[in-house]
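> Have a look at this one before I ask anything.
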Amino acid sequence: MRTLFIGNSHTYFHDMPKIFRDLCLENGIEMQVTMLTKAGMGFDYHAENEQTRFNILYGDYDFIILQHVAHPMGDYGVMEAGADRIMEWIRQTNAVPCYFMTWTEEDNEAFQPEMAARYRKLATKHNCLVAPVGERWWEEYHKDPSTDLYYTDRQHASLTGSRLAAETIFETLRPEQIARITRYEQMLQKAEYMIREGPEDPDALRDLIAELEAYYTSDEWKKDFADDEAGLLPGNLKRGVLSEDGIHNLLSEYYEHDER
């Protein structure tokens, strides 16, 4: 799997994308990471950068993480316009987008709700995920003041803070679950095509049906279905395999053909 990080110093401090990659590896997920970052820059800068457009369209990414300028955050209209343009490119791919909600400066906690609201507003508009790093940041900050999440400038992340960001993004993306759903979705579409057109290899179709039926009756499918119903999966994720009738109708059609 491949993940592109787009942001600024709050993304590249302590090589946070590598920490995310290491978390994936620890959980048995092979992950390649790339980042496009520029200190102090936000979505408006990246929307005008040809490298952003090219990497999104042709980088074959599974996930794209988007982080805007934080301190100060600037005008929401500028943030929104840049995000809109970047999202137009993402929608031409199969990548799952996710906003990376940042945290405020240590002496500016009062602005965190506004910062969070701006990211959530964009996530709602674009029907995508948001990793609530900033909200979790302040939860951890008050839970254990002895754990210093801030770098010496009291704006950027310490190594501990960068780990918190990577963990939150990992937990939000659910890469193992997304990969599983995508795999079975592809199998469903292939099986539908083979039944419709007539299989050249009946054994291959039988194997597909067996795998899909095993998934449909498994606890994994029940969890994936429940998470989808709860709105925990990306809005643009293809998930016909999670519809209550998707696999059921396929199995019925297959067994009807098989009896003829």
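> Taking the Cβ of Leu208 as the centre, find all other residues whose Cβ is under 12 Å away and add up their charges (Lys, Arg: +1; Asp, Glu: -1). Before the final figure, lay out the partial values.
Values: positive: Arg183, Lys190, Arg206; negative: Glu192, Asp201, Asp203, Asp207, Glu211, Glu213.
Cβ neighbours under 12 Å give a net charge of -3.
> So how much slack lies between Lys190 and Ser158, counting 0.36 nm per residue of separation and subtracting their Cα-Cα distance, in nm?
Numbers: separation 32, 0.36 × 32 = 11.52 nm, distance 4.71 nm.
Length difference between fully extended and current span is 6.8 nm.
> If each Cα of the chain is one equal point scatterer, what is log10 of I(q)/I(0) from the Debye formula at q = 0.10, 0.14 Å⁻¹?
Here log10 of I(q) over I(0) equals -0.56, -0.95.
> By a straight-distance test (C-alpha under 12 Å), which aspartates and glutamates pair with Lys38 as possible cross-link partners, with residues fewer than eight away in the same chain excluded?
none
> Amide H to amide H, which residues 5 or more places from Tyr151 or on other chains are under 5 Å from it, using H placed in the peptide plane?
His156, Ala157, Ser158
> Could you tell me how many cubic angstrom of Cα convex hull volume the range 176-259 has per residue?
88 Å³
> Suppose only helical runs count, i.e. DSSP H with n ≥ 4. What mean residue ellipticity at 222 nm does that imply for the chain under -39500 (n - 2.57) per run, divided by all residues and rounded to the nearest 500 deg cm²/dmol?
Working: 12 runs with 148 residues, N = 260.
For the chain, the value works out to -18000 deg cm²/dmol.
> Also, quick follow-up: What residues have an amide H closer than 5 Å to that of Ala131, excluding those fewer than 5 places away on the same chain, when H is modeled at 1.01 Å from N in the peptide plane?
Tyr99, Phe100, Met101
> For the range 244-252, just list the computed ³J(HN,Hα) in residue order, Karplus coefficients 6.51, -1.76 and 1.60, θ = phi - 60°, integers in Hz, with x standing in for Gly and Pro.
Couplings: 5, 9, x, 6, 4, 5, 4, 4, 4 Hz.
> Please find the FRET efficiency linking Tyr151 to Glu50, where r is the Cβ-Cβ separation and R0 is fixed at 30 Å, and quote it to the nearest 0.05.
Taking R0 as 30 Å, the efficiency between Tyr151 and Glu50 is 0.45.
> Right, another one. Using only Cα atoms, locate the centre of the range 130-206 and the centre of the range 1-42, then give the distance between them in Å, rounded to an integer.
12 Å
> Excluding same-chain residues fewer than 8 positions from Lys223, which lysines have a Cα within less than 22 Å of its Cα?
Lys238
No value in this document is a laboratory result; all are computed from the given coordinates. What you see is a predicted model; the values in this text were computed from it and never measured. We place every Cβ from the backbone using ideal geometry, glycine too, and count neighbours over all the protein chains shown.
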